[in-house]
Amino acid sequence: MVAQSGAERQGGFLEYKPMYVSPLPIPTQPKGEKITELVERILAAKAKNPQADTSPLEKEIDELVYQLYGLTEEEKNIVEGK
């Protein structure tokens, strides 16, 4: 059984209210500063050079998010389209 996340409205649109979305699991990130630091480094690199390769920093962020949600290797592969 799938939990309802919104009320269906005319035209197939969904209406989201707090009663629908408040039960969704939103993990807290004790390492939030690390993600913030990585984002700031990416923004600084792109400000200096819009063509800068920030993919290693982006990969670090991805890994922190995977840890945050407790994803398995199989789930990571699905997210990454492998």
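Read the figures in this text as sums done on the coordinates, not as results from a lab. Here the structure is a predicted model, which is why all the values come from computation and not from measurement. No Cβ is skipped: glycine too gets one built from the backbone with ideal geometry, and neighbour counts run over all protein chains shown.
Descriptive notes on the structure:
- Helix 55-69 vs. the chain, principal-axis angle (Cα, 0 to 90°, nearest 10): 40 degrees
- Per residue, the chain reaches -16000 deg cm²/dmol at 222 nm when only DSSP H runs of four or more residues are counted, each adding -39500 (n - 2.57).
- Relative contact order computed over the chain (Cα-Cα under 8 Å; 6+ residues apart), in percent: 20 percent
- Coupling constants for region 36-49 follow from the phi torsions by the Karplus curve (6.51 cos²θ - 1.76 cosθ + 1.60, θ = phi - 60°), and in residue order they are 4, 4, 5, 4, 4, 5, 5, 4, 5, 5, 6, 5, 6, 8 Hz; glycine and proline get x.
- 3J(HN,Hα) along region 13-18, derived from phi through the Karplus expression 6.51 cos²θ - 1.76 cosθ + 1.60 where θ = phi - 60°, amounts to 6, 10, 10, 9, 10, x Hz, with x in place of Gly and Pro.
- Residue order, fewest to most surrounding Cβ atoms within 10 angstrom, among Asp62, Asp53: Asp53, Asp62
- Per principal axis, descending, Cα span of region 7-79 in whole Å: 47, 28, 25
- Close Lys-Lys pairs in region 7-79, where close means Cα under 28 Å and separation is 8 or more or interchain: 12
- Given 16 as the ceiling on other Cβ atoms within 10 Å, longest exposed-site-free region of the chain for chymotrypsin sites (Phe, Trp or Tyr not before Pro) in DSSP loops: 17-82
- Applying 1/(1 + (r/R0)^6) with r as the Cβ-Cβ distance of Glu40 and Leu71 and R0 = 25 angstrom yields a FRET efficiency of 0.55.
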